[in-house]
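Peer 1: Before I ask anything, let me first share the structure, which is written out below as structure tokens.
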Amino acid sequence: MRKYLLKRIFYLFLTLFIVATVTFFLMKLMPGTPLQNEAKLTPSEKAAILAQYGLDKPVWLQYFIYIGGIFKGSLGLSFQFSDQAVSYIIGSRMGPSMQLGGQALIVGIIFGIILGAIGAIRKDTWADRLATVLSILGIAVPSFVLAILLQYYLGLKTGWFPVAGWSGFAYTILPTLALAASPLAETARFIRTDMVDVLSSDYIELAKAKGLSKFGIVYHHALRNSLIPMVTLIGPLAAALMTGSMVVENIFSVPGIGEQFVKSILVNDYPTIMGVTIFYSALLCLLLLLTDIVYGIIDPRIRLSGNGD
Amino acid sequence: MEQTENVIEVRNLEINFHTYAGEVKAIRDVSFDLRKGETLAIVGESGSGKSVTTRSLMGLLAPNAEIKRGSIMFHGEDIIKKSEKDMQHIRGKDIAMIFQDPMTSLDPTMRIGMQIAEPLMKHKGLKKKEAIAQALEMLKLVGITNPEGRINDYPYQFSGGMRQRIVIAIALVCYPEVLIADEPTTALDVTIQAQILDLMKDLQNRIDTSIIFITHDLGVVAGMADRVAVMYAGKIVEYGTVDEIFFNPQHPYTWGLLNSMPTLDTESGSLSAIPGTPPDLLEPPVGDAFAARSDYAMKIDTEQEPPFFKVSDTHYAATWLLHPDAPKVTPPDEIVRRQTKFAAMQKPEAPIQNPSTKE
């Protein structure tokens, strides 16, 4: 187990290194410079500013300086916010993003499981069909469309929820719903397919022959066996949430990382773009590693220990 | 044979399956009794309806099945009329079941101790701790070595034979009156088969249960059963004691089955198969369903269904060959050999059997 973990952690760093490299060069290919009023600057002023940020050096040298900085534990300073450290920007904006992401994941997975299980247990009835339609909608409708619809109907028209901003739990509800739709739908579809399979397996037949109630069978036998493959879905779901959050945070003016990321890209704030990308990648890699560890805990057959076969 | 108490009485059972192609008449007028303490073997090829029959006893028919007619009496009550909720109290407690494939019939994510304890918690209202303690006793009884060390193991840590022992432990943990074994040894290799059969016989004596043993393997039947019912195309075509079925079979289908089973006397190369395939039960044939595959079919076999003719008090067969007006036919050589043996067996044993039948 320890050897396996060390190996996985090594791969994690390798992945991050590759992500950083690719992002760096892609970013340099983007048009424009970080300078805001480029036209008003004299060439000498421009050169002075570029030199101040090290942007006058050849790209490969900038790359080595940046990577060197990372190895020293620094993500650099932001161009946009009068030289705040990128790590500080990420840190100060992490709270809202994590809260939204977490809430959306929990809402999505819990209701997805319920919806999927209803579909499987009531297979080929109106309840199943309704669940299928809902999950197809959830996958097909992009989060920004849903976000705007929620904002308009539940925020503006009825006034039940605040339209945008970030000052209290009420402000988190609409963005959470907008973000949760896609993981909810994915989970529901996954669980339904999986549970239909599980419910027709021999050990469910044996559970029926034991005289267990329908609920007992689903709760004690079907659910756990359907949830095991579900764990592998958590990684991709989290990734979808991160990308979704960029759009949704912008629509609801949530001061999160996603909103910052979009702003940074618009103004070519190189160090912040790099920092946020690396942060997202690291988070995703960690989630995937965690997924594999959790998988081992809930499925005894693949527990990575000496005595398994 | 003396008349013993019947645990289960099935009368005129008819079960249809609704499919896209139409109604499949899977069970067509089946009646039989299960006596206390006996092992009744139901023999037949795939699709003959043996599994469907026993599933109806558990109330575990597929949703597209419909019981058209008949009754299944258990403790004076008709199981068919019982609600799902009532059936849950019977399943696993009074009537339990062992399945064919031990590799897939245990929940892969639950410790085996818990899987055995589950019926106790459901039916006897035991707390988890007490139930697990009884599960441990059950593990010992079914011959798992080092049960204390293994009760917390998962199914994947056991071999097929061991898993079938665990499935048996689950079935018997509430000491059911009836145990339905649906081809319990088919998925196991031959040496393990013998062990499992011995175990089942041993446990049957200890906990005094009646067994319905479903199989297509006549070799297993000989060592296991007291009585045998032969099923074909959704009907019972012949039933009797093991000796009567093995040594004095009357129905051409039973002949075919026995003829296709190797014995110690079988000469090399003389093993035969029954030609053809079972009939389509969407449109069951008129008359004797086996007529199309039988060398002994008569005109009446395709026109009218044969009733049961009595061969002895315990032995009945549904074939027109037993009608007094039917021409005498000579069964296959192997069957004639068996019948001669049977006749020889009957004479010296007769005086010994008589006293018990007088009561």
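Every number in this text was worked out from the coordinates using simple rules, so none of it is lab data. None of the values given here were measured: they were computed from a predicted structure. Cβ atoms come from the backbone with ideal geometry, glycine included; neighbour counts cover every protein chain shown.
Peer 1: Go through region B:31-39 residue by residue and turn each phi into a ³J(HN,Hα) via Karplus (6.51, -1.76, 1.60, θ = phi - 60°); whole Hz please, and just put x for glycine and proline.
Peer 2: 10, 6, 10, 10, 8, 4, x, 8, 10
Peer 1: Using the Kirkwood radius built from alpha carbon pairs, what does the Stokes-Einstein equation give as D for region B:1-116 at 20 °C and 1.002 mPa s, in µm² per second?
Peer 2: Diffusion coefficient, whole number: 134 µm²/s.
Peer 1: Subtract the Cα-Cα distance of B:M73 and B:V190 from 0.36 nm times their separation in residues, and report this length gain in nm to one decimal.
Peer 2: 38.5 nm
Peer 1: Oh, and also: Skipping prolines and chain starts, which residues have an amide H placed within reach, meaning under 5 Å, of the one on B:I8, given they are 5 or more residues away or on another chain?
Peer 2: B:L34
Peer 1: Show the residues, 5+ positions off or on another chain, whose built amide H is closer than 5 Å to the amide H of B:F309.
Peer 2: Residues meeting the amide H criterion: B:A317, B:A318, B:T319.
Peer 1: Label points 7 Å out from Cα along the Cβ direction at B:K124 and B:A292: separation in nm?
Peer 2: 5.1
Peer 1: Check which residues have an amide H placed less than 5 Å from A:A85's amide H, if you skip close sequence neighbours.
Peer 2: A:S78
Peer 1: Checking understanding here: applying a Kyte-Doolittle mean of at least 1.0 and a length along the axis of at least 20 Å (C-alpha), which whole DSSP H helices in chain A pass?
Peer 2: For chain A, where a helix must reach 20 Å along its axis and average at least 1.0, the hits are A:2-29, A:86-121, A:126-140, A:223-251, A:270-298.
Peer 1: OK, next. How far apart, in nm, are the 7 Å Cα→Cβ label points at A:M27 and A:I110?
Peer 2: Here the modelled spin labels are 3.8 nm apart.
Peer 1: B:M114: net charge of surrounding residues, Cβ under 10 Å, Lys/Arg +1, Asp/Glu -1, itself excluded?
Peer 2: It works out to a net charge of 0.
Peer 1: Report, please, the projected area of the protein assembly as shown averaged over directions, based on the convex hull of its C-alpha atoms, in nm².
Peer 2: Average projection, Cα convex hull of the protein assembly as shown: 42.5 nm².
Peer 1: With N set to the number of residues, divide the alpha-carbon radius of gyration of chain B by 2.2 N^0.38 Å and report two decimals.
Peer 2: 1.05
Peer 1: Pairing the Cα long axis of helix B:190-207 with the longest principal axis of chain B, what angle in degrees results, from 0 to 90 and rounded to the nearest 10?
Peer 2: Taking the Cα atoms of chain B, the angle to B:190-207 is about 80 degrees.
Peer 1: Here's another thing I want to ask about it. Under a Cβ-Cβ cut-off of 12 Å, what is the net charge of the residues other than B:F290 that fall near it, where Lys and Arg count +1 and Asp and Glu count -1?
Peer 2: -4
Peer 1: Please report, largest first and rounded to whole Å, the three semi-axes of the ellipsoid equivalent to region B:95-175, where each semi-axis is the square root of five times an eigenvalue of the C-alpha gyration tensor.
Peer 2: 18, 14, 11
Peer 1: Still on this structure: Other chains' Cβ within 10 Å of B:171-179 residues: what's the mean?
Peer 2: Average per residue, whole number: 1.
Peer 1: Turning to a different aspect of this structure: List the pairs from B:K25/B:K82; A:K208/B:K85; A:K208/B:K36; A:K123/B:K93; A:K214/B:K122 whose alpha-carbon separation is above 18 Å, in the order I gave them.
Peer 2: Pairs exceeding 18 Å: B:K25/B:K82; A:K208/B:K36; A:K123/B:K93.
Peer 1: Tell me which aspartates and glutamates have Cα within less than 13 Å of B:K201's Cα, excluding those fewer than 8 residues away on the same chain?
Peer 2: B:E38, B:D226
Peer 1: Here's a follow-up. Give the span of region A:76-182's Cα atoms along each principal axis, as three whole-Å numbers ordered largest to smallest.
Peer 2: Between the extreme Cα coordinates on each principal axis of region A:76-182 lie 60, 33, 23 Å.
Peer 1: Hey, got the average number of other protein chain Cβ atoms within 10 angstrom for residues in B:108-116?
Peer 2: 4
Peer 1: If you don't mind, another one. So what's region A:1-99 giving for Rg/Rh, alpha carbon basis, Kirkwood Rh from the mean inverse pair distance?
Peer 2: Using Cα coordinates only, the ratio equals 1.07.
Peer 1: Would you mind counting up the charge near B:I180? Only other residues with Cβ under 14 Å from its Cβ, with Lys and Arg at +1 and Asp and Glu at -1.
Peer 2: Once all neighbours under 14 Å are counted, the net charge is 0.
Peer 1: Let me ask something else. When only alpha-carbon atoms count, how far does chain A stretch along each of its three principal axes, as whole angstroms with the largest first?
Peer 2: The Cα atoms of chain A stretch 85, 59, 30 Å along the principal axes, largest first.
Peer 1: Give me Rg/Rg_expected for region A:164-306, where Rg uses Cα atoms only and Rg_expected = 2.2 N^0.38 Å with N residues.
Peer 2: Ratio of Rg to 2.2 N^0.38 Å for region A:164-306: 1.39.
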